[in-house]
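Okay, structure first, notes after.
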Amino acid sequence: MPELRLGVVGVGALGQHHARVCAGLSGARLVGVFDLDRSRAETTAARHDCRVFASLEELVAEVDAACVAVPTVDHHRVARALLAAGRGALVEKPITTTLAEADDLIAVAAKQGSVLQVGHVERFNPAAEILRRNVTQPRFVEVHRLGAFPARSLDIDVVLDLMIHDLDLVLSLDGSDAVQVDAVGVPVLTTRVDIANARLRFASGLIANLTASRVSAEKTRKFRVFAPRTYISLDFAARAGQIYRLVDRDGGLPEIVVERTAPSDEEPLKRQAEAFAAAVGQGGPPAVSGADGRRALALAHTILERMEAAAPVSGWPSGV
């Protein structure tokens, strides 16, 4: 197969890592980057021996696919330019600001036969594989995703910034729709919600309790799942987990068997890039589709609506 030509649009805090993993992919080449901050683009390009594009249009003309790591408000505009030209687009989460924008990207990708993948990178975390292998009927999920105050993504609230990772994981694990949503959240250091809690009940009967904060003194990414005769505790930061199973023994009482997985050094961002490159190069479906991204965005918007109804605060995102 011919070498895949990749680009990166936006090389800020996250985009520079997209450039790094794209530059190291087998069977692909990082052709160049584009950023409104020319000096930042030049620094990244020099690091990876690639080109600095003068405009988005110039990049689109020279690549087969690109990673989009611009502010969320620009996701639709940038990704649409790529998809409409028949290029693949890996769009950071959330897929877009509004559902109408997400629908448009999905429609353009389908019309042009372009690959649209959404950057829900936790799907590629080895901890997520433990989850998929060991849980078929989840009954209760408890999630804590806490982080220090960031210098990025302040154009969106913590639900769209952090909690959406876990919304996507729960949706991919269960498959049914949320039929009841209760949520609370408050702004702390910004005018947007910085800490939030959502309790979800799904049509399957699954209950999920999710907490996300970007004003924590410590970083935590814990995902716990309770299922019939099974309990799984996952650490997404360590990329490891513990599985507890109730096993019947002949002639005796049931016994709890514990399996512990070793921490993994596999980088989720690299695995995500490899899956994206394979989908573009081989023509297969993306691992995380535009429809997946839209579903997580829709649930995030419902959570924000419940928060606003419960305790309106200033600075709520437009389009919710």
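The values are calculated or read from the model by the stated rules, or taken from the named source; none is laboratory data. Note that the coordinates shown come from a computational prediction; the quantities given were computed from them, not determined experimentally. Virtual Cβ from ideal backbone geometry, glycine too; neighbours counted across all protein chains shown.
Is segment 148-155 home to any residue that is part of a strand (DSSP E or B) and either of a type in the set (A, V, I, L, M, F, W, C) or surrounded by fewer than 15 Cβ atoms within 10 Å (Cβ to Cβ) (or both)? Spell out how you get there, then give the answer.
Applying the first criterion (part of a strand (DSSP E or B)) to segment 148-155 yields none.
For segment 148-155, residues part of a strand (DSSP E or B) and either of a type in the set (A, V, I, L, M, F, W, C) or surrounded by fewer than 15 Cβ atoms within 10 Å (Cβ to Cβ) (or both): absent.
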Practice item. Considering each residue of segment 80-124, count those that are in contact with a strand residue (DSSP E or B) (Cβ under 9 Å, 6 or more places away or on another chain), farther than 17 Å from I156 by Cβ, not aliphatic (A, V, I, L, M) and not in a helix (DSSP H, G or I), and give that number. Key: 4
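I'd like to check which helices (runs of 4 or more DSSP H) are fully inside segment 7-73 and have at least 1 residues that are among the hydroxyl-bearing types (S, T, Y). First the steps, then the outcome.
Working: elements: 15-23, 38-48, 56-62.
Helices (runs of 4 or more DSSP H) meeting the threshold: 38-48.
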Practice item. Look at R249 and say whether it is among the basic types (K, R), touching a residue at least 12 places away in the same chain (Cβ under 8 Å) and touching a strand residue (DSSP E or B) at 6+ places or on another chain (Cβ under 8 Å). Key: no
Study note, to complete from the structure: Residue set V8, V68, V21; condition within 18 Å of V121 (Cα to Cα) and either in contact with a Cys (Cβ under 6 Å, 6 or more places away or on another chain) or modelled with pLDDT under 95 (or both); output residue V8
Practice item. Given the conditions (1) without any contact (Cβ under 8 Å) to a residue 60 or more places away in the chain; (2) not assigned by TED's automatic domain parsing to the domain that holds I156, report the number of the one that E129 does not fulfil. Key: (2)
Point to revise | Close pairs (6 angstrom Cβ cut-off, 6 or more residues apart or separate chains): within 16 Å of A65 (Cα to Cα) and at pLDDT 95 or above in segment 260-287, surrounded by 15 or more Cβ atoms within 10 Å (Cβ to Cβ) and of a type in the set (S, T, N, Q) anywhere | key: F276/Q117; P286/Q117
Exercise for review: Output the residues belonging to segment 179-208 that are in contact with a Lys or Arg (Cβ under 7 Å, 6 or more places away or on another chain), in a strand (DSSP E or B) and not β-branched (V, I, T).
Suggested key: Q180, D182, A183
